[in-house]
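Since the structure comes first, as structure tokens, the remarks are kept for the end.
The values are calculated or read from the model by the stated rules, or taken from the named source; none is laboratory data. Treat the numbers as computed from the prediction; the structure is a model and nothing was measured. With ideal geometry, Cβ positions are generated from the backbone for all residues, glycine too; neighbour counts draw on all protein chains shown.
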Amino acid sequence: MKTASLAEIKQELQNLTAKEITEICLRLARFKKDNKELITYLLFEAHDVNSYTQQVREMMNETFKDVNTNNIYLAKKNVTQNFKTH
């Protein structure tokens, strides 16, 4: 199956009702965490990029503060687990 181009998707979305677009967005959010995270960002945080960026920086600083740098394997594992939970 060939993936539609962005222009084709845009054109098709313009032919849908608001209810149909809502249903598509909810289906996307239901099936993959990355999709849900992107929709969350677009709906709730994209209007204030500076605030969002600051929140991400704070989360990263907290995560890196807790990293045990004596053991590289554990450090990578710790960082990966912390970012997955946020």
### Task
Test each condition in (1) at pLDDT below 90; (2) part of a helix (DSSP H, G or I); (3) surrounded by 10 or more Cβ atoms within 10 Å (Cβ to Cβ) for N68 and report the one that comes out false.
(2)
### Query
Looking at A46, is it exposed (fewer than 12 other Cβ atoms within 10 Å of the Cβ), in contact with a Phe, Trp or Tyr (Cβ under 8 Å, 6 or more places away or on another chain) and not aromatic (F, W, Y)?
yes
